[in-house]
Every structure is written in C-alpha cells, then in structure tokens.
1. Inside the stretch B:115-128, can you point out the residues that are surrounded by fewer than 15 Cβ atoms within 10 Å (Cβ to Cβ) and either of a type in the set (Gly, Ala, Ser) or not in a helix (DSSP H, G or I) (or both)?
2. Being within 18 Å of B:ALA27 (Cβ to Cβ), exposed (fewer than 13 other Cβ atoms within 10 Å of the Cβ), without any contact (Cβ under 8 Å) to a residue 24 or more places away in the chain and among the basic types (Lys, Arg) narrows it down to one residue among B:LYS167, B:LYS133, B:LYS112, B:LYS171; which is it?
3. Does any residue in the stretch A:1-27 that is in contact (Cβ under 8 Å) with a residue 12 or more places away in the chain and facing chain D (nearest Cβ under 7 Å) come within less than 9 Å, Cβ to Cβ, of a residue that is among the acidic types (Asp, Glu) and surrounded by fewer than 15 Cβ atoms within 10 Å (Cβ to Cβ) six or more places away or on a different chain, and which pairs are these?
4. Taking D:LEU92 and the conditions (1) within 10 Å of another protein chain (Cβ to nearest Cβ); (2) closer than 21 Å to C:ALA78 by Cβ; (3) assigned to a helix (DSSP H, G or I); (4) out of contact with any helix residue (DSSP H, G or I) (no Cβ under 6 Å at 6 or more places or on another chain), which numbered condition does it fall short on, given that it satisfies the others?
5. Take D:LEU53 and decide whether it is surrounded by fewer than 24 Cβ atoms within 10 Å (Cβ to Cβ), of a type in the set (A, V, I, L, M, F, W, C), facing another protein chain (nearest Cβ under 10 Å) and touching a residue at least 12 places away in the same chain (Cβ under 8 Å).
6. So if I check each of C:SER68, C:SER56, which one is within 11 Å of chain A (Cβ to nearest Cβ), of a type in the set (S, T, N, Q) and within 22 Å of C:MET234 (Cβ to Cβ)?
7. If you take the residues of the stretch C:18-36 that are touching a Lys or Arg at 6+ places or on another chain (Cβ under 8 Å) and more than 14 Å from C:ALA220 (Cβ to Cβ), which of them is farthest from the other protein chains (Cβ to nearest Cβ)?
8. So D:ASN270 ticks every box in (1) crowded, with 17+ Cβ neighbours inside 10 Å; (2) away from chain B (no Cβ under 14 Å); (3) in contact (Cβ under 8 Å) with a residue 24 or more places away in the chain; (4) of a type outside the set (Gly, Ala, Ser) but one. Which box is left unticked?
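Nothing in this text is a laboratory measurement; each read-out follows from the coordinates by a stated rule. Treat the numbers as computed from the prediction; the structure is a model and nothing was measured. Every residue, glycine as well, gets a Cβ built from its backbone with ideal geometry; the counts of neighbours run over all protein chains shown.
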Amino acid sequence: MKTKDGVEINEEIKWKDICPGGTVAYPGSADLFKTGDWRSMKPVFKAGECKQCLLCVPVCPDSSIPVKDKKRLDFDFDHCKGCGVCVKVCPFNAIDFIKEGK
Amino acid sequence: MGKLTEIRWHARGGQGAKTASLLLADAAFNTGNYVQGFPEYGPERMGAPITAYNRISSEKITIHSNIYEPDFVVVMDESLIDSINVTLGLKDEGAIIVNTERPWKEVREQFKDYGGSVFTINAREISESTLGKYFPNTPLLAAVVKVSKIMEVEEFIQTMEDSFKHKFASKPEVIMGNMNALKRSMEEVRGYED
Amino acid sequence: MAYNFKEAMNKPERLTGGHRMCAGCGAPLAARGVLRALKEEDQAVIANATGCLEVSTFTYPYTAWKDSFIHSAFENAAATISGTEAAYKVLKRKGKIKENYKFITFGGDGGTYDIGFQSLSGAMERGHDMVYVCYDNGAYMNTGIQRSSATPKYAETATSPIGTEVLGKQQFRKDLSQVMVAHEIPYVAQTTFIGNFKDLHEKAEKALYTEGPAFMNVLAPCPRGWRYETADLMEICKLAVETCYWPMFEVVNGEWKLSYRPKKKLPIDAFLKPQGRFRHLFNPGNEDMLQEIQADIDKKWNQLLKRCGEEIE
Amino acid sequence: MAIRDRLSGNEAIAIAMKQINPDVLAAFPITPSTEIPQYVSQYVADGEVDTELILVESEHSAMSACIGSQAAGARTMTATSSCGLALMWETLYIASSIRLPITLALVNRALTGPININADHADSMGARDAGWIQIYSENNQEAYDNFIQAVRIGEDKEVQLPTMVCQDGFITSHAVENIELIEDEEVKAFVGEYIPVASLLNAKEPIAIGPYDSPHYYIEHKRQQAEGMNKAKEVILKVAEEFEKVTGRKYGLFEAYQLEDAEAAIVIINSTAGTAKAAIDKMRKEGKKVGLLKIRVFRPFPHEEICDALSHLKAIAVMDRSEGFSSIGGPLFAEVRSALYEAENRPMLINYIYGLGGRDVTTTHIEEVYNQLFSMINKNQTGQVYRYLGVRE
C-alpha cells in the first residue's frame, strides 16, 4: 500500500511521507493484513457435502467465506481465524473442524 | 487623545440602562465620534442594581477598563440613591442626572455633598404623555446630550429621527411620539431653581 | 423489500477480513449484517465509537471498511456523525455532492449506554438522518471486560468480580432500547443473530431507509468476556432469544411490535449456564439469585407483551 | 469600500461568520460567547446564510460535530468560552491531529472554580498544547479581522490546522465600539472556496479517518503535524499581507507599540493592551521610555521575532491573565523568558499575574507596573520575579 505520493507505507516510512492525520485513502486495505496465522483450528470445506444453503456466510466474523454467483467458495485462509462458528451452523456437516497444521 | 467624555449609568436589571448606553453610543457614533458602550461585565438579573458605561471621544479609544471617574452619571432609578453611592468618583466639573418626579430642589439637597451640578428629568411623565407608556430611554438620552454637550443638539435630533424612522418605519405615531419626547426632554431637563 | 437471503449473501462485502477482532466475535456480524442492508449503489459514511470494533478495524494503515469511516473518540460517535450528516445536507443542497449517502454509527455498550449516551441522546433529539447501531456485548470488552450499565445482574466482570461477600454485578442492566423509544424517534429495533439473519437484515433496512434517526440494539456475544466456546456464537444468541433474555422487537413511530415469540419460553438457566461469567450462579445455595433473575425476565417479558398488544403469559 | 459601523466583539465575530457563510456551525451556548451562535441562528432564520446549524447538547458534541463536518469537506465553525473549551479538550486534540481546519471563536473567560464568567485566559492557555493555532485580539476590530484571516490560515495546504481566534469576555465581546467592516463580496473573495484535501463524502475516494496508531507510526504523525504549525508562521504573515491590501490594516505576529526606543516594556495579550497603550501615551508625555509588545499569535509562538524585538530593553514585565500554577509564573512568561534565552544581553524579566476572573485593570495599574520596572532598572536588581498585580495583600 502506497501513499498518494507513491511512498510505500510500512514501518520504514519517514515523517514527511506519512499520510497527514493518519487518514487512509485505501478502503478495505485491511485485506492486506493476514490474520490467518491466528488460527489454531481450521475449518475444512467439503464441497461435495455442501448444499449451498449459505447459512455459514453471514456468521463469519472475518468475512472469510467468499460468495460468487450465489455459491460459496472455499475459505479465505488468509483471514479466517478458525473460530468454528460456521462449522456449528452448517446443517449438512459440510465443514470439518481440524487442528491447524494437520 | 481628544476630548474624552465618560458616562456612568445606574439602573436596575431590566430597566434598560444597557440599552440606553448602547443608544447613546449609537447616537454619538452617528455624529462622527469614537464610542464605547458597555455594561458592567457580568450577568444581568431583573431588579439587581446594574451599571453601564459610555466613553465618547473625537479620537480612537483604546482603554478597556471600567470607568471610575466619570464626567457624568445618569440615575435611571432614583430608589438606588439610598443604597448606592452614585456620585462615587464623579468629577466636580461634571454633573449627575436623576430621573425623578420630585422637584429639583429636593434632589439637589440629597446631593449636597457633591460639588458638581445636579439635573433632574421626569422621564416618566414625558414618556407617558408622548408615548403612552413608560420608556425612559428617549427622555434620558436627550437629557444626557443636553447636559453633557457631547454632540450638537441639532445633529443629535437629526440622527435620532433617522434611527426612529428606520426602527419604526411602519409606525409613524411612534416616531412622532419619540421625537416629541426628545424635544420636550431637552427643554424640561432642570439644572437650576427656576 | 422482501428478504432474499441468497441475494443478500451475494452482495459485495463492505467489511473486509484482515481486521483484528477476536476469533468468533459477534460485533463484525452486526456490522456486516447492517451494511448488507444498504443498496449497493448507496454510499455510506460510518462512524465508530472507540472500542473493540474501532481499534481492530482501523489500525493504521489498514481499514477493514470499504466505505468512508470516521473515528474521533469514545463518547462522541453520534455527535461526530451528526456533523457529517449536516455537512452532507448543506453540500448536497449546494450541488457539491451528487451521490446518495447513508450515515451509520457503530458503538459498543460502553460507547452507547454509558459514556456516549449524552451525545447519542442529543443526536437522536436533533433528528439527524442516521442509524445508530449498538453492538451490545454487555461489558467494556476493549479495556478488559469491566462492568457496564448493560452488564446483566450477577455477571462476573473485572470490576464486578466474584468475591466472598459480593457475587458479580449487583444491578440489573439498563433497558436502553426502551430509553431510545422514549426519544420518540421514527424507528427503534432490538435484534440479534438468528438463523439466516432475516430479522437483522430487515430491521437494518428499515432503519437505513426510514428518514430521520433510527436506533438498533444488537446483542453481540463476546466469547472472551462471556466465557463460552467461540463456535457456540449462534447457539448463545438463540438461547438469549428463546429464554426472552433478549427479546426481538421493533417500535415504528411509537408502535411496538414483537418480532418473535418463542413457542415455549425456556428457563433463563439455559442462557446462563453455558457462560463462564455466570458459573457461580449454579453453585449450591445461590438458587435464589437465579430465581431473582428469572422473575425479572418474566416481569419484563410480560411488560413487553403488553406493549406489543400480545397475549400475556 | 470599508463600512463604518459600531459593534460589540461578539457582533463583529457574528458578522464575520455571516460574510464567510460557513457550511456548518455547531455550537452550545456559554457566557460570554453565547451571542455568537444566537446571531448566526437569526441569520439562518432570516435566510441570510446557507449554513447548516447543529445546536448540540454540549461543547464536547459541538467540537465532535465540527470534526465530523469538516472531515466531510464542509467549512465548519464554532464559538465557545471557558468550561466549554475545557469540555472540548479531548476533541481539540483530535481536530488538530486529523488536520481539520475548523475555525473557533473563543471568548476568553475564567475557568471554574469558583465559577466566574469574566475575562481571563485560563481557557485558551489550557488548550495551548492542543495543536491549534491561537490568534488573540485586542478589540472588536481585531477579532473581526483575525477571524476572517483565520479561515485562510488554517485551510492553507501547508498548514491544515484548526485555528482559534480569542478575545476578552465582556470587555470586548460585549462592548460596542467603532469598527470598519469589509464589504461582503470582498470577504467572500478573500476567504475563497474551501477545497478539502480529502473528504468523507468523496465517493470516488472513500477515506478512513482517525485510526488506532501504533508506536510504529504515531510519532511520525506528530512530527508531521508539528510541521504544519511550523509552517503556519509564514502563512499567517502571507495572509496578513493580503489582508492589508484589502483593508489597509496591518497585522504581524505581534504588535510593537512605542517599543523601539523603550527601556521598560510589558508583554501582554488581548484587551488590556489597549489600556496599556493609553498608559504609555500618558507616560511618554512625561518623558518616560515605555513600550509594549502585544502578542497576536501565541501558537505558533514567534520565539525568534520576539527575542529580536525585546532584547534591547532594560526591563520587561510579562503579563499573564491566567495562572499556570507552575510557581514561577504564567504560560506567557514561560514562553517569553524561553525566547529571550537566545538574546546576547538579556533584559531583566518579571511576571505579573493580573486580571484573573475579570478583575479590572486600569491605566493606573499599568503605570504601576512601569514604575516597578524603572525601580528595577535604577537599582539594577530584578527582585521578585513572580508577582501579582492588583491583588489585596
């Protein structure tokens, strides 16, 4: 992510270059921040079992169940924190919940 | 600094001393003077004694303090005389103007310790007979101007007429009443036993 | 507009992942749920009171919000957005802005029930065209779980601890939704996350597209503060509703309407038991505390039924 | 063509607001600034301005609404005094840190307690580190002129900071005096159109304002903010120069009155400077070399310029109309003494705390101060540095 003047915003940025007032002109830039490594448990999407009821979609606190053409895709593991709420709401046991790294 | 005239007004909250000081400032301003008009700095409560001030000068005024040695004092409510030393600091070459129905002699007697001139004006009578109601400001303004000579009487009358015409455009009777009050006050303000 | 679940889910996300809320937090569900009710073509400005949601969704330089967003302080989110809304009105009038904007404020119970209550009350009274959404997790979670006026009676928090003499918070929670109804604003709703989010969605839609101020109180469980397993979020919400701890209702121009009536009201134990913050209530000798809570729930439920013109139990 | 008029300080600010025609005014009444939003409310009621009023429930909300509004790209103003400014304290910092050029008319009044409604600089001095430009006014004319200039100063691209324009409660806010107003069209042309650097309401570029800022970035943001204040000095002078072209009235960072050949001087802020000028005129006639430095811009503080202007003096009294409870003097004293550290020959320097809570200050008091300075010069001894003027001993 860069400032308007094209300077990369990272912990090396100098005071003259940093965004005035901390105002950020990149809506949704948190997408670049990966919270996937917070996971200790991991949901596993079983596409074959999924009936595309989408009940798992609104319960995800991390907006990590992408939907395209009214069908859910596999998890966005860049951001999924492994809370397991989706696992519990799935009426079809289409999401497994396993230890991360397995 | 050119000729500076300082005036202090005594009244009770709600009687219009602040307005009177502002009207005097207006009149003096309209006749080309530098002016200040300000109330005693603080809250104004109905009935409580209040003070207002005027500075009028031919040159720019920079002082921003209260007035402790006024040239003129105006007492809008004579019941204050018993409780407040209204002549405090008043210059002997100056004068005090009291709004009263009593004879001049009696009032003069009341201020026997004051070495300057004492003037009286019956603002109530003048106001009620010309305006039908008690609005002491116009008579008192006229009295102050007459006594203090801070502006030419002709100029004063002209500027007041302009301002009444502006303020009461739709009420010619009010303009007329005020002008009558003004002229009568100029004649009836009393400074000598006559 | 009738709720089409799949179409709602198909809308582009207006709150991205990559924010730093706890795993399993309820607050982002409230934010996502409300934002989904926006028409896609409508712009929004979101204000946020200081709190978990705010510090986690906008940590420099990462914002999780796709819409314009402003945070100024803890107690003034409603006042801040009222300034933005007023600016919009005048700039629109002057022809400087073409787009349609909606103004939404999110605040936790701390920023809403307590420190931000004055600014909320003022903004509602002034009649700004805005929606204030409280995500109520029943304590000051951002500072480490201290009691708020939304904390339920006898709940354990860091400032209402379990001691030898005193067990948890000693007061019942403030009924903020009712206080907001007393402001006589066009729309007040209380809801939480149930099933396919129809209730939240429809209420958000009404709140957003009713002219004037609207208030939504959304129960948003906090697994850390309430001490339950993160995966149980939806179950906890369901129990809150089925026990009538958190009834769902709306008040449209002063008319109360119950949104959901449990077929059989569950005893309050069902909601309290899964939560560690109430564990002490289930120790022998504390039965009277449970009874007291139940009696309070029953009383308030009946009051609500009456207001909504429903048959009293 | 200048318009000759007579107005109170509050009226003067209100007229300036009317001429500027801001997009939004958010305010809560507090004596003695109350009249300002009242007048503007009347302008709105009479359709004389396009301004959207937000009549909030507290000053905290007033500044919060100003933040929300200015961040939305609207030119925004407010007015307050005393405890009102104190209640804004938190949000003053927020406004300046997110670089919002809000304009605030401050009518200086003592802070409670005990409660007192009269002139005193405790309010603005308490906010001196909040990152706001502070401009002070001796009388209604300066309040008016400063307020119009403030809009330009704060909005300057190099500055992007909020500005408060201060005047003394009651003493100038409620006193009617002569004033020269600028024609409406000239004011409009002078302040120009507000073009925000970024706006919440720019659909092409949504922004996020007010982040959680970690230690990795916070100090860089503060350093950058400080640069805005550093740059403000030259912008203030540039704007003053343009203002002079329109009005013929000259403004600098401070005003030096009879200072050039003076031996004894006072440094002072706001209305008492006028009283001091009258005292100086009198004493000059008596052959006494007395002068005055009146602070116009307190933030940014013009250290070098003040040092240059004062270093030739023999003795100086710095006059503070607020206590700092530092036990060595008020805030203005601290600044002036610090500025004079760079002087080769430092004048003797004392501090007077004066006029707290509206205690009246006359020319006699000012003469007393000069006499004290001459006594110091004669004895070549400073004596007590931290003094009170007009307190009953």
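1. Residue satisfying the conditions is B:GLY115 alone.
2. So the residue among B:LYS167, B:LYS133, B:LYS112, B:LYS171 that is within 18 Å of B:ALA27 (Cβ to Cβ), exposed (fewer than 13 other Cβ atoms within 10 Å of the Cβ), without any contact (Cβ under 8 Å) to a residue 24 or more places away in the chain and among the basic types (Lys, Arg) is B:LYS167.
3. Partner pairs satisfying both residue conditions: A:ALA25/D:GLU205.
4. Condition (1) is where D:LEU92 drops out.
5. yes
6. Sole residue among the options that is within 11 Å of chain A (Cβ to nearest Cβ), of a type in the set (S, T, N, Q) and within 22 Å of C:MET234 (Cβ to Cβ): C:SER56.
7. C:LEU35
8. (2)
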